[in-house]
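Before any comments, here is the structure.
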Amino acid sequence: MSTIYNFGAGPAMLPQEVLLQAQEELIDYNGTGMSIMESSHRSPAYDEVHQEASANIRSLLSIPESYAILFLQGGASFQFAMAPMNLLGDGQTADYTLSGAWAKKAIAEAKRLGTVHIAADCDKDRPTRVPLPSELDLTAGTAYLHVTSNETISGAQWKTFPECEAPIVADMSSDILSRALPIDRFGLIYAGAQKNLGPSGVTLAIIRKDLAEDAPDNLPSMLRYQTHIDADSLYNTPPTFGIYLLTLVTRWVSAQGGVDALDARNQEKSGRLYDAIDASGLYRGAAAPEHRSLMNVTFNLPTEDLEAKFAKDAATEGLKGLKGHRSVGGIRASIYNAFPGEGIDALVGFMKAFEGANG
Ligand code: PMP
């Protein structure tokens, strides 16, 4: 097998052990004589997988029983609407932090449904960053405070979460399971699976159960968190194969030592890349140093032409997906939990050689 390091922002690299196990079990899952993909979502074989997925998430993030763990569909983009549909009541205001492109999308959906107050706006700041908890202008009695814990495109990440009266609603699509969380500050956490949890098609939602009870009566069943809580995410057919892969990924996270061990590894991996950027005369980090993401390392070269050449030359050496998001350009190295340390070595080596030839 040729060695390709996929720096793409998502779907992203999965642990190789997980892919190999899925391959081995693909056509005969656990002696059932059929694939888990072909098994009923009501079968004992699938139910075991489903229960383990949620138990593993609960244990890895130390989530108390007062929260439900849900496997939904529609991606984080659907949560941009589902969260305010359920949690933003008539006459209430929700506070949102505007930290970049993903926050902006969440805000646009919430505005269709209710009153939104922007508690902090650093969207246009360069270097890119997210707000500091101390900068927030919160509404008294706000329904919730929305944050995008890691802005995948700009490469800026919340390092500490605000301590406020209102529950935090967090889009953790690009850094879920990468570190421990002060779970009691959150009312809702949501994340598409395709970066740190498994394949696309599954959306994880972790919701404080009492908050789900107040959804408006006219909200259709599929759009209500309460429906999915009551049915244990089996109200309709869930994305069973994706949840099976997510279960394997959560086992892998445990085997690595859990989220604290991954956090340390993520600091180390991203640190090596940021050190390479800071030591060079050619590369310039896109995010403010104190907000630098451990998951998406973004940087620029002096010209767009040179950035294009960098991404193209890197790809020919098996370092794929380094081109920054089309809306901002630059270079982005997405290095989620499963991205191997050897891939960092390979990129640092490439950066040095490229600077030697083009600096
Ligand atoms: N939020 C963030 C922070 C993301 O990175 C992404 C996807 N890259 C999304 C939301 C949208 O996710 P989905 O494609 O699962 O709807």
Pairs with Cβ under 9 Å, 6+ apart, first in region 18-39 and modelled with pLDDT of 95 or more, second exposed (fewer than 12 other Cβ atoms within 10 Å of the Cβ) and of a type in the set (Phe, Trp, Tyr): none
Subset tally (residues that are crowded, with 24+ Cβ neighbours inside 10 Å and either within 16 Å of the ligand (Cβ to nearest atom) or among the polar types (S, T, N, Q) (or both)) for region 141-152: 7
Of residues in region 179-233 being closer than 25 Å to GLN16 by Cβ and charged (D, E, K, R), the one nearest to the ligand (Cβ to nearest atom): LYS195
Test for ILE207: is it buried (at least 24 other Cβ atoms within 10 Å of the Cβ) and either within 29 Å of LYS323 (Cα to Cα) or among the hydrophobic types (A, V, I, L, M, F, W, C) (or both): yes
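Taking region 311-327, which residues are in contact with a helix residue (DSSP H, G or I) (Cβ under 7 Å, 6 or more places away or on another chain), more than 15 Å from VAL297 (Cα to Cα) and not in a helix (DSSP H, G or I)?
GLU317, SER327
A quick yes/no check of all residues on (1) touching a residue at least 12 places away in the same chain (Cβ under 8 Å); (2) more than 11 Å from the ligand (Cβ to nearest atom); (3) under 22 Å from LEU246 (Cβ atoms):
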residue: ASP123; (1), (2), (3): yes, yes, no
residue: SER134; (1), (2), (3): no, yes, no
residue: THR160; (1), (2), (3): yes, yes, no
residue: GLU163; (1), (2), (3): yes, yes, no
residue: MET172; (1), (2), (3): yes, no, yes
residue: LEU177; (1), (2), (3): yes, yes, yes
Qualifying residue in region 67-82 (condition: of a type outside the set (Asp, Glu), in a loop (DSSP other than H, G, I, E, B) and either within 16 Å of the ligand (Cβ to nearest atom) or closer than 22 Å to ALA193 by Cβ (or both)): yes
Among (1) touching a helix residue (DSSP H, G or I) at 6+ places or on another chain (Cβ under 7 Å); (2) assigned to a loop (DSSP other than H, G, I, E, B), the one test that GLN21 misses: (2)
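Residue-wise test of (1) of a type in the set (A, V, I, L, M); (2) closer than 30 Å to ARG58 by Cβ; (3) outside the structural domain of SER200 (by TED's automatic domain parsing).
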site: LYS104; (1), (2), (3): no, no, no
site: THR128; (1), (2), (3): no, no, no
site: PRO133; (1), (2), (3): no, yes, no
site: LEU136; (1), (2), (3): yes, yes, no
site: THR152; (1), (2), (3): no, yes, no
site: SER173; (1), (2), (3): no, yes, no
site: ARG179; (1), (2), (3): no, yes, no
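Could we say that TYR235 is farther than 14 Å from ILE57 by Cβ, surrounded by fewer than 24 Cβ atoms within 10 Å (Cβ to Cβ) and either assigned by TED's automatic domain parsing to the domain that holds PRO162 or touching a Gly at 6+ places or on another chain (Cβ under 8 Å) (or both) here?
Here the answer is yes, as TYR235 does meet what is asked.
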Single match in GLY330, GLY349, GLY324, GLY341 (criterion: of a type outside the set (Val, Ile, Thr), at positive phi and in the same structural domain as GLY271 (by TED's automatic domain parsing)): GLY330
Which numbered condition SER2 misses (of (1) touching a strand residue (DSSP E or B) at 6+ places or on another chain (Cβ under 7 Å); (2) modelled with pLDDT under 95): (1)
Scope region 107-121; condition closer than 25 Å to ASN218 by Cβ, away from the ligand (no atom under 15 Å from the Cβ) and either in contact with a Cys (Cβ under 9 Å, 6 or more places away or on another chain) or not β-branched (Val, Ile, Thr) (or both); matching residues: LYS111, ARG112, LEU113, GLY114, HIS117
Answer residue from region 88-106, given it is within 12 Å of the ligand (Cβ to nearest atom), crowded, with 21+ Cβ neighbours inside 10 Å and among the aliphatic types (A, V, I, L, M) and is nearest to ALA120 (Cα to Cα) among those: ALA103
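The rows are residues; the columns are (1) within 25 Å of the chain's Cα centre (by Cα); (2) surrounded by fewer than 20 Cβ atoms within 10 Å (Cβ to Cβ); (3) within 21 Å of GLY258 (Cβ to Cβ).
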| residue | (1), (2), (3) |
| --- | --- |
| GLY8 | yes, yes, no |
| THR32 | no, yes, no |
| HIS41 | no, yes, no |
| PRO44 | no, yes, no |
| SER54 | yes, no, yes |
| GLY75 | yes, yes, no |
| PHE78 | yes, yes, no |
| ASN86 | yes, no, no |
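The values are calculated or read from the model by the stated rules, or taken from the named source; none is laboratory data. Please read all numbers here as calculations on a predicted model, not as lab measurements. Virtual Cβ from ideal backbone geometry, glycine too; neighbours counted across all protein chains shown.
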